[in-house]
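Here, each number is a calculation from the coordinates, and none is a lab measurement. Fair warning: this is a prediction, and the values are worked out from it, not measured in the lab. Here the Cβ positions follow ideal geometry from the backbone for every residue, glycine too, while neighbour counts run over all protein chains shown.
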Amino acid sequence: MKYAFAPLREDDLELTRRWLLEPHVERWWNDGSKTPYPDAEIDEYREAIQGKDPTYRYLMQIDTRPVGVIQHYRIADDPEYAEALALGEDAIGVDLFIGEAELLGRGHGPAMLRQFLRDVAFPFHGLDVCVIGPSVKNVAAIRAYEKAGFRALREVQVPDEPDPEFLMRVTAAELYSMHT
């Protein structure tokens, strides 16, 4: 199986919209902070595609099949978010979802996340720390991120998010030392 990451394009937004409406995605991505959902989310993706937002989104692929979306960004590029996280270090943030329900729970998420960080996000930013902040209630995501090498930092309440984030961290050195 081969994983690949293609920069998200306008042509991908209809598929992305379908995924955002899948119950297993909408449960975590429709938190009420971007309305109307999923249109406001799609508008943000479009702005990033057009270079108006410093978040870099990619289509995740398994053997050329589109299966979800992953994004990276520099935490400091969003001062309000950076203040809420209070990391005390420069870091990359990542978020992702697997849109195809039948692919959940098969180990793809941790493997794709590790490869994305190694091949795309860490080299792009030239930073060696990455954080991810799933909802404290998203136990499956937290377990997947632990399998990818992330370790718990703390719970953080972020403005406009209903649940605290379960902030997790991994360094490039930790990631590169993992056997995959």
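For the chain, what does the helix formula give at 222 nm: sum of -39500 (n - 2.57) over DSSP H segments with n ≥ 4, over the residue count, nearest 500 deg cm²/dmol?
On the way: 8 runs with 61 residues, N = 180.
Dividing the helical sum by the residues of the chain leaves -9000 deg cm²/dmol.
What is the distance, in nm, between label points placed 7 Å from the Cα along the Cα-to-Cβ direction at residue 34 and at residue 178?
2.5 nm
With each label point set 7 Å from Cα along the Cα-Cβ vector, what nm distance links residue 24 and residue 44?
Taking the two extended label points, one gets 2.2 nm.
How many times 2.2 N^0.38 Å is the alpha carbon radius of gyration of the range 27-180? Display every interim value, and only then the final one.
Numbers: Rg = 14.8 Å, N = 154, 2.2 N^0.38 = 14.9 Å.
That works out to 0.99 for the range 27-180.
Please name which of 81, 36, 25 has its Cα lying farthest along the dipole of the chain towards the positive end, using unit charges on Cβ (Lys, Arg +1; Asp, Glu -1) and the Cα centre as origin.
Going by the charge dipole, the pick is 25.
Based on Cβ point charges of +1 for Lys and Arg and -1 for Asp and Glu, what charge dipole magnitude is obtained for the chain about its Cα centre, in debye rounded to the nearest 20? Working shown, then result.
Working: 20 positive and 32 negative charges, 172 e Å.
Dipole of the chain, to the nearest 20 debye: 820 debye.
Between the range 115-180 and the range 26-68, what is the C-alpha centre distance in whole Å?
Between the Cα centres of the range 115-180 and the range 26-68 lies a distance of 18 Å.
Would you mind calculating the gained length between residue 63 and residue 14 on full extension (0.36 nm times residue separation, minus the Cα-Cα distance), in nm to one decimal? Spell out each step's value before the answer.
On the way: separation 49, 0.36 × 49 = 17.64 nm, distance 2.05 nm.
Net length gain for the segment: 15.6 nm.
Cross-link candidates for residue 2: which aspartates and glutamates have Cα within less than 12 Å, leaving aside residues fewer than 8 places away along the same chain?
63
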